[in-house]
1. Could you list all residues from region 126-146 that are surrounded by fewer than 22 Cβ atoms within 10 Å (Cβ to Cβ) and in a loop (DSSP other than H, G, I, E, B)?
2. Please report, ordered by residue number, the strands (runs of 3 or more DSSP E) entirely within region 367-444 with at least 3 residues that are of a type in the set (Lys, Arg) and free of Cβ contacts under 8 Å to residues at least 12 places away in the same chain.
3. Determine which member of the set 170, 198 is over 16 Å from the mean Cα position of the chain (by Cα), at positive phi and without any contact (Cβ under 8 Å) to a residue 40 or more places away in the chain.
4. Being charged (D, E, K, R) and not in a loop (DSSP other than H, G, I, E, B) is the filter; apply it to region 165-213 and report the residue that is surrounded by the fewest Cβ atoms within 10 Å (Cβ to Cβ).
5. When you look at residue 330, is it out of contact with any Cys (no Cβ under 9 Å at 6 or more places or on another chain), among the polar types (S, T, N, Q) and at pLDDT 50 or above, yes or no?
6. Taking residue 216, is it over 20 Å from residue 136 (Cα atoms) and surrounded by 16 or more Cβ atoms within 10 Å (Cβ to Cβ)?
7. Could you list, in sequence order, all residues of region 294-327 that are touching a Gly at 6+ places or on another chain (Cβ under 7 Å), exposed (fewer than 15 other Cβ atoms within 10 Å of the Cβ) and at pLDDT 95 or above?
8. Would you please list the contacts, defined by Cβ atoms under 8 Å and residues six or more apart or on different chains, that run from a residue in region 248-259 that is of a type in the set (Lys, Arg) to a residue that is not in a loop (DSSP other than H, G, I, E, B)?
Amino acid sequence: MIHARILCGVALSVGLCSAVSAGDWPRFRGPNGSGISADVTATPVEWSPDKNVRWKTSLPGAGVSSPIVIGDRVFVTCYSGYGANFGTIDDLKRHLVCVDRSSGKILWDKSVDAVLPEDSYSGMGIPAHGYASHTPVSDGKRVYAFFGKSGVLAFDLDGKQLWHKSVGTESDRRRWGSASSPILHEGKVIVAASAESESIIALNSETGDEVWRQEAAGLANVWGTPLLVKIDDERTDLVLGVPYEIWGFNPDSGKLRWYSEIPAGDQYSSSVVAVQDVVYSIEGRGGGSAAVRAGGKGDVTKSHTVWSGSDSSRFGTPAVYEGRLYFFSSSVAGCNDAKTGKKIFQGRLEGGPSGGDGGSGSRSFGRGGGGSDYSSPVIADGKVYYVQSSGNCFVLKAGDKFEQLAVNSVTADRESFGATPAISNGEIFLRSDKHLYCVSEPAK
C-alpha cells in the first residue's frame, strides 16, 4: 500500500474576512473547484468571432492557467521570453495580468523573473503546457499566484506586490513542471508544491510566512489542485488526489487524517471534486473512477468507498451537477450516475468551425504548449461547456440524454486553448495562448 509518510508540522490558524462576492469565480474551476456557476443569469449557447464575443484582449504571453473573476476585474497568468523557437531560459518571465471586465483593457501587468535553473522547454511535459499552468486565487482583497520554482506571490488588487515566498526549487522526476493551483482556507494560502519539494504547504495570506508544511514521497507526480470538503460544523478536510489514492488532511495543521485506495495510476493529473461529503475522482493513463466519502481516520478504503469504476478522462476534472457526473475524454462525452457510478450516456462530440469532428489538437501551441486537451468541463444555466485545445467549445444540455446544443469558436486564427473557462454573471471568459476573450449575449 502506498500512503503518506508525513512529517509533523506547526499549526497556526489565521482569520481573514472574505470579500469575494457570490457571482465571482475566485479560483480554479470557480467556487470550491466545483466547476459550477451558481448564477441565474443566462449564458450564451452560440458564438463566433462575429457573434457574442464582447471583447478580445492580447496577452503578454502563453499559458494554460484559467482566468478568475473578482468584481469588475479578471486576472490571468502568462509566461514570456522563452519557449518554442524563441528566447533563452535566462529571459523567462511569469506574468500576473489584471483586465478590466467591461472593456477588456489591461489595467496592469506584473512580471516576475524566473528563478533559475528552470526546467527546459524540451521533452513531453513543458512543451505541452508551458510555464504558466497554475490558476491564481483571490480572497477579494488580494490575488495570489503560484509560479512553480519562482514561488508564491501576493498582490493587492491594484498590482502592488505584498510578499514573495519560495516553496522549493526541485524538479519532478520526469521534469514535466508543475500545475497545481493555490487555494485559500481561513487566512491560509495552500499550495501543493509536488514538483518543487514533494510538499503541501500553507502560507499566512497576509505575510507569506509558512504556517505548516507536510512532505511525502507520495506527493510526487501530482498535478491536481486541492479541495476543501466540509464534514460537519466543526470539521473540514483538505482533500487531494495522489497516485493510487485520495488523501484527506487537516487544513489547520496539515496532518494526514485519512486515505483511500482508488483506481488510479502512478500519476494524478486531474483534481477531485465533491458534493457534500462525497469526493469524486476520475483519472487517465491506467486510472479509473471512484466516489469516496470524506471523513474518517486512517485507511477508509473499505468503509468509505461509495463506488469505483473504469471510466477515465485524461487531464480534465469532472463536474457533478444534479446527481450526474460529467467528464470528457478527447471527443467523447460521458455522464454517470453520481450515486452509483453507472453510465447514463456516452456520446461523440460532432462538428466544429474548423471542420472535421472537432477532434483534439487540431491547432497546436505556437508559443506555449502541445495539442493535449487540458480544459475541464464547467456548468452554468443548465448547460455543460467543454473547450478543446483546438478552440472548439462544445455546449451540451445537462440531463439524462446526450444532447449537443452547439459547437463554437471565438477565433478562426491558429490559437491553442488549454484553460478551463471562467463564468460570472452570464459572461464566459476563455483564454488561449495569445488572447483573453469575453463571451456574452448582448444586454437586453
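1. 139, 140, 141 - these are the residues of region 126-146 that are surrounded by fewer than 22 Cβ atoms within 10 Å (Cβ to Cβ) and in a loop (DSSP other than H, G, I, E, B).
2. Values: elements: 378-380, 383-387, 393-397, 404-408, 422-424, 427-431, 435-439.
In region 367-444, there are no strands (runs of 3 or more DSSP E) which contain 3 or more residues that are of a type in the set (Lys, Arg) and free of Cβ contacts under 8 Å to residues at least 12 places away in the same chain.
3. Working: 170 fails: at positive phi.
Exactly one of 170, 198 is over 16 Å from the mean Cα position of the chain (by Cα), at positive phi and without any contact (Cβ under 8 Å) to a residue 40 or more places away in the chain, namely 198.
4. If we take residues in region 165-213 being charged (D, E, K, R) and not in a loop (DSSP other than H, G, I, E, B), then 210 is surrounded by the fewest Cβ atoms within 10 Å (Cβ to Cβ).
5. On the way: out of contact with any Cys (no Cβ under 9 Å at 6 or more places or on another chain): yes; among the polar types (S, T, N, Q): yes; at pLDDT 50 or above: yes.
So residue 330 passes the test.
6. Values: over 20 Å from residue 136 (Cα atoms): yes; surrounded by 16 or more Cβ atoms within 10 Å (Cβ to Cβ): yes.
So residue 216 passes the test.
7. Across region 294-327, the qualifying residue is only 303.
8. Pairs that qualify, where the first residue is of a type in the set (Lys, Arg) and the partner is not in a loop (DSSP other than H, G, I, E, B), are 255/214; 255/249; 257/237; 257/248; 257/249.
The values are calculated or read from the model by the stated rules, or taken from the named source; none is laboratory data. None of these values were measured; they are calculated from a predicted model. Here Cβ is always computed from backbone atoms with ideal geometry, including for glycine, and neighbour counts include all displayed protein chains.
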